[in-house]
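Just so it is clear, none of the values below were taken in a lab; they were calculated from the coordinates. These figures come from a predicted structure and were not determined experimentally. In this analysis, Cβ positions are derived from the backbone assuming ideal geometry, glycine residues included, and neighbour counts consider all displayed protein chains.
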Amino acid sequence: MGCRIPHDRRPELPELEPRPEFHALAMPRDSRGEIDDSLLDCERLPGMRLLRIYVPAPRLRGDRPLPVLLVNDGHKAFEASNHRGVPPWEQSGTLQLHRLMDGLLCEGALRPAIVVAVATHASSRANQYVPVRTRFGEVEFGGVGDAYLDLLEHEVLPAVEHRLAGVPVSRAAADRVLVGTSIGGVSALYGAMTRPGVFGGAIALSPSAWVDDGFLLRTAQANGHGRARIAADIGSGERTPIRDHCRRLFDQLNAASHGQVLAGEVEGIHNEDSWRARLPRLLQHVLGHGPFHAAAAHA
């Protein structure tokens, strides 16, 4: 697929793998999206919360209302943890969603979308991403997952619209996609399965399907995939019990999906660099250009 904008390979760049985050490095700067930081004073889960909001460049975003990706563990969404003094093509430790989006948009591989990285605190993330109170060994966690989804719906999304005055933001459920990795994937899948009228899509990489000995599987059995469009995977290099829980969950989701679910085991391990390499396929399933997406864009 050809690029949507003209650009030449920058001479200072080495020959790199044909990956979208590397493609983005060769794009003209005025064709790359921008990231805006905003602090939200939350009511449902009191405290200040950082929102980092990526918006595609005007020349790539078109004039239709833009879908919104709501990304858990927002501190791992964009800049690499080792970005100081390291060439951008060697940076690691995060999803680099700004570069993935830029590269995929330039290639015409998906619809333009806003990416909202929602910060959380390490001490409270398991409580906020898991709806039920449960245990892992001697550690008890969870129970605030529904309040967190309420926060996304009733505070984060309105705050994003207000912050991006002048940028059309879609309010269609099909254009609101939850994104999570590991235990953050529990929240993404749970939200899409139980609130499809609010969050019509989910992307989950290495979701912690083991939580509460199969809580997500029981949710899928009770709700199906909730009419949401879901993309999820588990790495073949992860521990067998974790993969087994994901396999049972994915089988349940795929059983009656009618093409709306893409879920399975792929080559990979449990870290951000592996997830970044796997994300384009999942993003294209949820934000691609197929018949489902054309219908969603006009919903």
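A few comments on the model shown:
- Rounded to 10°, Cα long-axis angle of helix 272-287 versus longest principal axis of the chain: 90
- For the chain, calculated [θ]222 nm from helices alone, where every DSSP H run of n ≥ 4 adds -39500 (n - 2.57): -9000 deg cm²/dmol
- Couplings for region 105-117, taken from phi via the Karplus curve 6.51 cos²θ - 1.76 cosθ + 1.60 with θ = phi - 60°, read 5, 4, 6, x, 8, 7, 6, x, 8, 7, 10, 10, 8 Hz in order; Gly and Pro are left as x.
- Distant-in-sequence amide contacts of Leu66, defined by a placed amide H-H separation under 5 Å and a gap of 5 or more residues or a different chain, comprise Val169, Ser170.
- Database remark: amide H of Leu164 closer than 5 angstrom to no amide H (H placed geometrically; neighbours at sequence offset of 5 or more, or on other chains; Pro and chain starts carry no H).
- Separation in nanometres of the label points that stand 7 Å from Cα toward Cβ, at Ala222 and Arg247: 2.6
- Within the listed set Leu13, Leu279, Leu105, the Gaussian network model of the chain (springs between alpha-carbon atoms below 10 Å) gives the highest mean-square fluctuation for Leu13.
- Packing-based ranking of 34-46, 137-149 yields 137-149, 34-46, ordered from highest to lowest mean Cβ neighbour count within 10 Å.
- Between Arg84 and Ala122, the simple label model (points 7 Å from Cα in the Cβ direction) yields a spacing of 1.7 nm.
- Each peptide in 154-162, 193-201 was scored by the mean count of other Cβ atoms within 10 Å over its residues; highest first, the order is 193-201, 154-162.
- Beta bridges assigned by DSSP with both partners in the chain are antiparallel in approximately 40 percent of cases.
- GNM result for the chain, Cα springs below 10 Å: residue of His270, His258, His225 fluctuating most strongly: His258
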